[in-house]
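Enquirer: One structure coming up, written as structure tokens, with questions to follow.
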Amino acid sequence: MAMDPPFLETYKTLLDKATEGAHGHKEVVIIEECELPLIDLGRLNLGKLEKEKCKSDIARESQEWGFFQVVNHGISREILEKMMSEQVKVYRQPFNNKSKELFNFSSGTYRWGTPTATCREQLAWSEAFHIPMNDIPFSNGFSSLSSTMEQFATTVADLAQKLAAILAEKLGFKSNFFQENCLSSTCYLRMNRYPPCPIPSDVFGLMPHTDSDFLTILYQDEVGGLQLVKDGKWFAVKPNPEALIVNIGDLFQAWSNDVYKSVQHRVVTNPRVERFSTAYFFCPSYDTEIQSCYEPSVYKKFSFRMYRQQVQDDVKKLGRKVGLPRFLV
């Protein structure tokens, strides 16, 4: 039984249309590879001077790159490797099983492709389980996956709280905002798989976007494919098996009044090998109000619910997310 979603069959019209009009004119852009700034969080346990320097590095990279990677992050190698192997096991299930809500998750947890796509640039050649933390642990035949996800999410949640507190402190706020509003019940875990793609130059694994959260923490395999914008150019991120990748989301950019940057990123497809990653999205409750912590404020005050609704409306109408520009004062 087939394991991959039926991309070619489902999106045949879209892809045929793209091929007819292309005639080999697609511009080939050479993407430079970059190593993300690397921060050793072990420095937070050293003397006061080293600790403060580490915090400043975290804030600086969040302003300049919007992305950085961390080592000595407190999540054991064992948990990370187990998370990856359990994830691979789930994705080895036949496609029909995955799409049948096999895992007792809330409906809509398993996603693949892009139902709203009207052109090939909007198509995501990927499949994902997007799981509210409320759904973990879950009871079914996958108890090992459930306990691994719970361990992974609990330790990554602590890391997210620690980083958010440092970023707030560096703006001059000793804030309980994140402890009060970003609870484990309001965050999400997303297991991604990017199957091999026979038309890699035509289709993204994930189209260019920014994240609609405060922070995203990503664990990925060594295949590579993540790219981000820096100084108006796309760069390919070199995988580091020891590190977790952290990026600033839209909500932190708004909260910091544009000090920290939520940066466009995408995933490109690979013709030969599949790629796996797990992302933790550090989100507030829907009713949480996001308000810039400085005056004059760049953005209007909005709730997370309003923001998500606006994103969904734009995707339906335009085929893409507009994001923060919708909320400029």
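The values are calculated or read from the model by the stated rules, or taken from the named source; none is laboratory data. From a predicted model like this one, the values you see are computed outputs, not experimental measurements. Ideal geometry is used to build each Cβ from the backbone, glycine not excepted, and the neighbour counts take in all protein chains shown. To get the accessible areas, we keep the full protein, side chains included, count just its heavy atoms, and leave off ligands, DNA and RNA. Shrake-Rupley method; radii C 1.70, N 1.55, O 1.52, S 1.80 Å.
Enquirer: Please pick out the residue among Lys82, Lys100 that is open to solvent by 10 Å² or more (accessible area, probe 1.4 Å) and outside any helix (DSSP H, G or I).
Expert: Lys100
Enquirer: Pairs, please: C-beta under 7 Å, at least 6 apart or cross-chain, first residue more than 20 Å from Lys317 (Cα to Cα) and in the stretch 109-138, second small (Gly, Ala, Ser) and open to solvent by 30 Å² or more (accessible area, probe 1.4 Å)?
Expert: Tyr110/Ser99; Pro132/Ser106; Met133/Ser184; Met133/Ser185; Asn134/Ser185; Asp135/Ser106; Pro137/Ser147
Enquirer: Something else: Looking only at the stretch 227-268, count every residue that is open to solvent by less than 30 Å² (accessible area, probe 1.4 Å) and free of Cβ contacts under 8 Å to residues at least 40 places away in the same chain and tell me the total.
Expert: The number of residues fulfilling the criteria is 1.
Enquirer: Taking Ile217, is it within 30 Å of Ile31 (Cβ to Cβ), part of a loop (DSSP other than H, G, I, E, B) and among the aliphatic types (A, V, I, L, M)?
Expert: For Ile217, the condition - within 30 Å of Ile31 (Cβ to Cβ), part of a loop (DSSP other than H, G, I, E, B) and among the aliphatic types (A, V, I, L, M) - is not met.
Enquirer: Identify, please: which residue in the stretch 163-183 is part of a loop (DSSP other than H, G, I, E, B) and open to solvent by 50 Å² or more (accessible area, probe 1.4 Å) and is, among those, nearest to Met83 (Cα to Cα)?
Expert: Leu183
Enquirer: Does Pro296 satisfy the criteria of being open to solvent by 60 Å² or more (accessible area, probe 1.4 Å), in contact (Cβ under 8 Å) with a residue 12 or more places away in the chain and not aromatic (Phe, Trp, Tyr)?
Expert: Yes.
Enquirer: Kindly state which strands (runs of 3 or more DSSP E) lie completely within the stretch 236-329 and contain at least 2 residues that are at pLDDT 95 or above and touching a helix residue (DSSP H, G or I) at 6+ places or on another chain (Cβ under 8 Å).
Expert: Result: 244-248, 275-282.
Enquirer: Under the condition of being out of contact with any Asp or Glu (no Cβ under 7 Å at 6 or more places or on another chain) and of a type in the set (D, E, K, R), which residue from the stretch 202-222 is least open to solvent (accessible area, probe 1.4 Å)?
Expert: Ranking the candidates gives Asp213 first.
Enquirer: Then there is this: Please work out which residue is modelled with the highest pLDDT, limiting yourself to the stretch 184-198 and to residues that are surrounded by fewer than 17 Cβ atoms within 10 Å (Cβ to Cβ) and in a loop (DSSP other than H, G, I, E, B).
Expert: The residue in question is Pro196.
Enquirer: List every residue pair whose Cβ atoms sit under 6 Å apart, with the two residues 6 or more apart in sequence or on different chains, where the first one lies in the stretch 310-329 and is closer than 20 Å to His265 by Cβ and the second, anywhere, is modelled with pLDDT of 95 or more and among the aromatic types (Phe, Trp, Tyr).
Expert: none
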